[in-house]
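Below is one structure, written out as structure tokens; comments come after it.
The values are calculated or read from the model by the stated rules, or taken from the named source; none is laboratory data. Here the structure is a predicted model, which is why all the values come from computation and not from measurement. Glycine gets a Cβ as well: all are built from the backbone with ideal geometry, and neighbour counts include every protein chain shown. What goes into the accessible areas is simple: the full protein's heavy atoms, side chains included, and nothing from ligands, DNA or RNA. Shrake-Rupley method; radii C 1.70, N 1.55, O 1.52, S 1.80 Å.
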Amino acid sequence: MSALELVQLNLLSPAILCFALGIAATLVRSDLRFPEPLYQALSIYLLLAIGIKGGVALASGTGEGMWLALGAAVLLSAATPLWCFPLLRLALRLSPADAGAVAAHYGSVSVVTFLAATAFLHALGEPFEGFLPAMVALMEVPGIIVALLLVQRLTGGTTHWAESIRTVVVGKSVFLLLGGLAVGALSGEAGLAKVDAFFVTPFQGVLCLFLLEMGMVAARRFGDFGKVGAALLVFSLLMPIAHAALGIYTGYLCGLSRGGAFVLGTLAASASYIAAPATIRLALPQANPALYLTSALAITFPFNLTVGIPLYYALSGWLY
Amino acid sequence: MSALELVQLNLLSPAILCFALGIAATLVRSDLRFPEPLYQALSIYLLLAIGIKGGVALASGTGEGMWLALGAAVLLSAATPLWCFPLLRLALRLSPADAGAVAAHYGSVSVVTFLAATAFLHALGEPFEGFLPAMVALMEVPGIIVALLLVQRLTGGTTHWAESIRTVVVGKSVFLLLGGLAVGALSGEAGLAKVDAFFVTPFQGVLCLFLLEMGMVAARRFGDFGKVGAALLVFSLLMPIAHAALGIYTGYLCGLSRGGAFVLGTLAASASYIAAPATIRLALPQANPALYLTSALAITFPFNLTVGIPLYYALSGWLY
Amino acid sequence: MSALELVQLNLLSPAILCFALGIAATLVRSDLRFPEPLYQALSIYLLLAIGIKGGVALASGTGEGMWLALGAAVLLSAATPLWCFPLLRLALRLSPADAGAVAAHYGSVSVVTFLAATAFLHALGEPFEGFLPAMVALMEVPGIIVALLLVQRLTGGTTHWAESIRTVVVGKSVFLLLGGLAVGALSGEAGLAKVDAFFVTPFQGVLCLFLLEMGMVAARRFGDFGKVGAALLVFSLLMPIAHAALGIYTGYLCGLSRGGAFVLGTLAASASYIAAPATIRLALPQANPALYLTSALAITFPFNLTVGIPLYYALSGWLY
Amino acid sequence: MNIETMKRVTIVAEAVIAERIQDDILRLGATGYTTTKAEGRGSRGVRASEWEGRNEKIETIVTPAVADELLQHLSDHYFEHYAVIAYAHTVDVVRGAKYR
Amino acid sequence: MNIETMKRVTIVAEAVIAERIQDDILRLGATGYTTTKAEGRGSRGVRASEWEGRNEKIETIVTPAVADELLQHLSDHYFEHYAVIAYAHTVDVVRGAKYR
Amino acid sequence: MNIETMKRVTIVAEAVIAERIQDDILRLGATGYTTTKAEGRGSRGVRASEWEGRNEKIETIVTPAVADELLQHLSDHYFEHYAVIAYAHTVDVVRGAKYR
Ligand SMILES: Nc1ncnc2c1ncn2[C@@H]1O[C@H](COP(=O)(O)O)[C@@H](O)[C@H]1O
Ligand SMILES: Nc1ncnc2c1ncn2[C@@H]1O[C@H](COP(=O)(O)O)[C@@H](O)[C@H]1O
Ligand SMILES: Nc1ncnc2c1ncn2[C@@H]1O[C@H](COP(=O)(O)O)[C@@H](O)[C@H]1O
Ligand code: NA
Ligand code: NA
Ligand code: NA
């Protein structure tokens, strides 16, 4: 498939079209709003569902290479702030808190970007490892902690440190992913069979609804582009590509399938906008949310969803 | 099928029974309440889902007659206030604002009535054109604008005119219908296949839940019958029949199937209670909501759902 | 199947695992919360869905033995307070209001426990009568009324008496169950076929989500164990077993299948935490909610879900 | 502009008795009320069930006389057994006639 | 601590005009506002539709001068045709500069 | 009836710090609080994420001394970095002992 066809396949999927519709809703100032409980219900559903599916795969997995790949993914996300933080400090001249905050977001991952990547593989008919949802759960937290440690080393602040880590580890998103993994792993294929009409079959449709809302949320931040500055904008567009390449290569070295390596690359490329913002807001209140939220949510997230996914897939073709 | 069998087929469908259950809940003063976010979630789902299905049909449609039928439907709904408004002014002696408000509601359409009509055709096994959801989207707005123009011509008021039109065009219901059409048209059959376990298969069941709530909402207005007066009550029962006949005949002339003509007739017969009320409240604040909401929501809507649908179907039998 | 295998089959089902996950969420103090509208939406869905399924079964049922079993179930739940109340008064030395409140909860039933019991039978492949949902609806109210009568006889109070009964009879949960039964009975198999992709197929998955929330709700009461006292704790664990035995035997005498008798036993063993608490709070405000809510929700409910269900099934093996 | 002083009475009550209190409010002479969903923590911490909803916050603008009667009524009928608090303060309203 | 007195204006309005009122508030000089979803009962009992949401309660902390203007504005533009009430009272704030 | 005057302190805070503020309130001597979900607009307009919920409005009835301490505490610990406002006013309560 040519690059153009890949882009088209991605852009014309219902999920990405719904994301675009959400952006349009905000731009034309429609009065469409998702009530907050609906947003939360969709989030709970999506996180629990990927957890459960991943858990079933974990339990039935043969395990060859699985632990290697999971370990490598954890290391990759923990390491990400090690280069993002100095880069943001020195090249972009951000304050320690701001640099740490942005680094934490790029060291963590975006669940919805993960889902869009797997939906893309489904549409292509390209297979991938069933345990990848476990990877999402494991990659959410380490990068955030490393980024906070880097800031602390520099500034010596210690406020609310333990609370911040607790927040992210038992925070809803990580809790639901890990909890879903446990439910899936313990109940196995037989258990999944009873509930797949709810957690599996309608999943892609629910994702459309969620992306409609995410489009509105992201577009509401478009007004903050000005506050971000050209340098951070470039960072938010190029860093994901670099991370994707690194992730794909890591997956390749661990023996993942092409689909698996592509997903790991997309995860590495993605920036968190659920677990990280809440943790950072508590741990680094002096960091400016307009910077980290805008770059993660309004730049990197739409970029990955639209251009990034087919691009990273094409990238993966060089190794496979 | 005899008239009685048609009525029975309609009344004993789960959707209409749930509507009746909602009415009963209000009448026996049950404490059953739908939380507002649930109501909004169901609305978003239903509007987006019919949009998407319609869009897929639009894209795959051969187009013969389609544009003719859509154009005729737009004209019909735009024209409706031209006779409703003078009738309400002169025969019912309503104030210009009240007459315009009521005319706007009958010039627009009811999405749920449309869904009940298509569910009825499904139960009958009668086919209909796939592009009809596009018709719903196109028939929502024109009648409202024409009615507002008629009031303005008479009273010379101009307040919030532009804002009122914007309100209805980018208003949630029209936006979701049109947006859904776009999503469906762009992603096509292949796109729909990925999400039909969410947007298509469970649709009739979701409609039941929505009609349960609509029954409660409609019944809460039953207490306002007194404020409406006998003349408007007669209008709310007979005008839909006249509009249905006109709609069916229009569909017949445009070459629609019997099912399609019946649906167009039911749309013409229906009165809006989503897009119109919000727009009218802003544009004609001096109009009395007890009049237009009660006649559209508490009289015409239940009438169409229960008696109207089988009646209009029987009517269509004279031409087909 | 051995007792251990039954326990395992139950504990490793996705629904019970989700319940455990909810308990864990509260214990590790995760910030996971279900927004209240989601909780209400899930409740409405579950109640309406079991009502509809039961109604279809009622309508298509041959009726042999059905009315006998339903009548016996009503009598059993009405009679329950007759021994619970004096026991709580005399052996546990509760005040009349407290004794009546607890008796009312054990005289009524838990819908979710019912669902867990039927899911357990599904997993076992054991058949049961389709009309059992009607039993749930009929067993909710009588025990509450009898308990209130017992208190009134003792204390002579009459405040809000009529209102209390109205509350429970047209209360949401009973209303939705009975309303669903009517919808199901009137629309029949043909009606159900149109909506089963919403009300039947995804049901077990929705139940998982609901049990996740119930786990959190139950665990939030664990802190009140101290207020309950050892005697009531023992009551909350042993009384269900006695009631289960009685229910199974009653089912056996009425000619129910093994599955049906097991479900009747589980219903008898269960304590209400939806209909009863609201009614009791209004009718017996002087009763201490920490007693009745903790024993019904935090002790009996988790006990039944985890240990009770396989135990009662094993018990039923003595008769079948 | 025609400013008058009235009392705003705020009541936070467990959901199960909210409807009853709303009826009481109208019966004691208020012309309306506004409710919002609330949660809270107090000395009692009692709720009938999630299914009934959590707390309800009820606000009503009334004349000082009605405010006194309402507080007295709540104190007499609900404070002992139910999770309820109530308080009042003076507010300036436009078109006071609406609240009498 | 630097306590200043300001006015809190509370507005309860049918949802359909909430956004317009919020714009008015900022235009008349308020620096912000807080909204909550509400339901209610009054003499009119009018709502455009469930789909629009029920009532909206809007609270804004403003200087006394802005409070007067706001009440006047609401009274002139909304009270006649829409379901709206508004009232004001004095509050103590920290760092009053935030509200000017 | 036994009317006493107390202070009501109202706090509007971004959701991410709501729980921490609630703990502070109890620690500083309040006997309870009531929360409602809110949205709003201010000079900062910062929210951690939709997933955390929007704003939280927290109201607590306290003695004047506790009110002062609470405002001071909020001003010291939250005003600089977080989206928070707080204000207080006098209210009449029945059975003042509940709030001490
Ligand atoms: N000091 C307080 N300030 C504000 N709200 C309170 C206070 N005490 C109690 N409440 C509210 O009143 C409800 C019932 O309180 P209680 O009866 O003390 O459990 C609580 O859930 C809170 O919403
Ligand atoms: N006396 C009152 N006290 C508190 N809120 C009121 C009062 N009267 C009206 N309201 C609120 O204002 C809204 C509109 O009132 P109305 O225009 O009288 O129908 C109602 O839905 C209530 O939320
Ligand atoms: N003048 C104001 N009146 C009422 N609420 C305000 C005001 N300013 C700010 N707020 C509320 O406080 C929150 C945080 O404000 P800020 O820190 O200014 O962004 C806002 O989201 C509003 O809910
Ligand atoms: Na990343
Ligand atoms: Na029409
Ligand atoms: Na029982």
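Per residue of A:285-297, count partner chain C-beta atoms within 10 Å of its C-beta, then hand back the mean as an integer.
Numbers: counts 8, 2, 1, 2, 8, 3, 0, 0, 4, 0, 0, 1, 2.
Counting Cβ atoms of other protein chains within 10 Å of each residue's Cβ and averaging gives 2.
Helix by helix through chain C, keep the DSSP H runs that span 18 Å or more along the axis on Cα and average at least 0.0 on Kyte-Doolittle, and give those back in order.
On the way: long enough: C:14-27 (19 Å, 2.16); C:36-60 (36 Å, 1.19); C:66-86 (32 Å, 1.55); C:111-124 (20 Å, 2.00); C:142-155 (20 Å, 1.69); C:172-199 (25 Å, 1.23); C:203-219 (24 Å, 1.84); C:225-253 (40 Å, 1.46).
Those that clear 18 Å and a mean of 0.0 are C:14-27, C:36-60, C:66-86, C:111-124, C:142-155, C:172-199, C:203-219, C:225-253.
Taking the Cα centroid of region C:72-112 and of region B:63-93, what is the distance between the two, rounded to the nearest whole Å?
Rounded to whole Å, the Cα centres lie 64 Å apart.
Mind telling me which of A:LEU232, A:LEU32, A:LEU267 comes out most flexible in a GNM of chain A, alpha-carbon contacts under 10 Å?
A:LEU32
With a ≥ b ≥ c taken as the square roots of the eigenvalues of the C-alpha gyration tensor of region A:10-50, please select rounded if a/c is under 1.5 and otherwise prolate if a/b is larger than b/c or oblate if it is not? Kindly include the intermediate steps, with their values, before the conclusion.
Numbers: a/c = 4.53, a/b = 1.25, b/c = 3.63.
It comes out oblate by the Cα gyration axes.
So what's the angle, to the nearest 10 degrees on a 0 to 90 scale, between helix F:64-77 and the longest Cα principal axis of chain F?
Orientation of helix F:64-77: about 20 degrees from the principal axis.
Among F:VAL91, F:ILE58, F:HIS81, pick out the residue whose Cα is farthest towards the positive end of the charge dipole of region F:58-100, where Lys and Arg carry +1 and Asp and Glu carry -1 on C-beta, about the Cα centre.
Working it through, the farthest residue towards the positive pole turns out to be F:VAL91.
As a test of the definition: which semi-axes, in Å, follow for region E:7-47 when you take the square root of five times each eigenvalue of its alpha carbon gyration tensor? Largest first, please. The partial results should precede the final answer.
Values: eigenvalues 89, 25, 16 Å².
Square roots of five times the eigenvalues give 21, 11, 9 Å.
Only Lys, Arg, Asp and Glu count, each charged at its Cβ (+1, +1, -1, -1), so figure out the dipole size of chain F about its Cα centre, rounded to 20 debye. Before the final figure, lay out the partial values.
On the way: 13 positive and 15 negative charges, 57 e Å.
Dipole size: approximately 280 debye.
For C:ALA231, which inter-copy label distances result when the label point lies 7 Å beyond Cα on the Cα-to-Cβ vector, reported in nm to one decimal and in ascending order?
Spacings between copies for this position, smallest first, are 7.5, 7.5 nm.
In nanometres, what is the gap between the two model label sites at E:ARG54 and A:GLU163, each 7 Å from Cα along Cα-to-Cβ?
It is 3.4 nm.
Please report, in debye to the nearest 20, how large the charge dipole of region C:1-148 is about its Cα centre when each Lys and Arg carries +1 at its beta carbon and each Asp and Glu carries -1 there.
Values: 5 positive and 8 negative charges, 74 e Å.
In total the dipole reaches around 360 debye.
Per-residue accessible area for F:ARG100 at 1.4 Å probe radius, Å² rounded to 10?
Answer for F:ARG100: close to 150 Å² accessible.
In whole angstrom, how far apart do the alpha carbon centroids of region B:292-320 and region C:123-191 sit?
Distance between centres, Cα-based: 35 Å.
Please report the relative contact order for region A:165-320, taking Cα pairs under 8 Å with a sequence separation of at least 6, and give it as a percent rounded to a whole number. Intermediate values should be presented prior to the final figure.
Values: 122 pairs, mean separation 44.3, N = 156.
The normalised contact order for region A:165-320 reaches 28 percent.
Relative to the other copies, what are the label-point distances for B:LEU90, with labels 7 Å from Cα along the C-beta vector, expressed in nm at one decimal and sorted shortest first?
8.6, 8.6
Below 8 Å, C-alpha to C-alpha, sequence gap of six or more: please give me the relative contact order for chain A in percent. List each step's numbers first, then the result.
Values: 508 pairs, mean separation 104.7, N = 320.
After rounding, I find 33 percent.
Chain pair C, B: how much accessible area is buried, both chains summed, with a 1.4 Å probe, in Å² to 100? Please list the in-between numbers first.
Working: alone 13450 and 13420 Å², together 24700 Å².
Accessible area lost upon association: around 2200 Å².
Just which residue of chain C brings its Cβ nearest the axis of rotation onto chain B, and by how many angstrom, rounded whole?
Result for the axis mapping C onto B: C:PRO37, 2.
If you take the square roots of the eigenvalues of the alpha-carbon gyration tensor of region C:1-76 and sort them as a ≥ b ≥ c, do you get rounded (a/c under 1.5), prolate (a/b over b/c) or oblate?
It comes out oblate by the Cα gyration axes.
Within the protein assembly as shown, which cysteines find no other Cys whose Cβ is under 4.7 angstrom from their own?
Cys with no partner Cβ under 4.7 Å: A:CYS84, A:CYS254, B:CYS84, B:CYS254, C:CYS84, C:CYS254.
Of all the residues in chain F, which one has the C-beta that comes nearest the axis relating F to E, and what is the distance in Å?
Closest to the rotation axis on chain F: F:THR36, 3.
For region F:54-79 and region D:9-31, what is the centre-to-centre distance using only Cα atoms, to the nearest Å?
28
Out of every Cα-Cα pair in chain A, what percent are more than 33 Å apart? Show your work: numbers first, answer last.
Numbers: 9979 of 51040 pairs.
Counting every Cα pair in chain A, those more than 33 Å apart make up 20 percent.
For a Förster distance of 51 Å, can you work out the FRET efficiency between the beta-carbons of C:LEU82 and C:ARG33, rounded to the nearest 0.05? Mind showing how you got there, number by number?
Details: r = 40 Å, r/R0 = 0.79.
According to the calculation, E is roughly 0.80.
With a 10 Å cut-off between alpha carbons and a GNM built on chain C, which of C:VAL174, C:VAL263, C:VAL200 moves the most?
The residue with the greatest mean-square fluctuation here is C:VAL200.
If I model a spin label as a point 7 Å beyond the Cα along the Cα-Cβ vector, how far apart are those points for A:ALA190 and F:ARG27 in nm?
5.0
Under a point-charge model restricted to the Cβ atoms of Lys and Arg (+1) and Asp and Glu (-1), what is the dipole moment magnitude of chain B relative to its Cα centre, in debye to the nearest 20? Before the final figure, lay out the partial values.
Working: 14 positive and 13 negative charges, 142 e Å.
My answer is approximately 680 debye.
Between C:ALA193 and the same site in the other copies, what are the distances in nm, shortest first, taking label points 7 Å from Cα along the C-beta direction?
The answer, with the shortest distance listed first, is 2.6, 2.6 nm.
Give the lysines whose C-alpha is closer than 24 Å to that of C:LYS227, dropping any in the same chain fewer than 8 places away, or say none.
Straight-distance partners of C:LYS227: F:LYS98.
Got the relative contact order for region C:1-129 handy, in percent, Cα pairs under 8 Å and 6 or more residues apart? Don't skip to the end; give the middle numbers.
Values: 38 pairs, mean separation 29.9, N = 129.
Relative CO of region C:1-129 lands at 23 percent.
How would B:PHE128, B:PHE262 line up by accessible area, probe 1.4 Å, largest first? Numbers along the way, then the final one.
Values: B:PHE128 65, B:PHE262 0 Å².
Accessible-area ranking of B:PHE128, B:PHE262, largest first: B:PHE128, B:PHE262.
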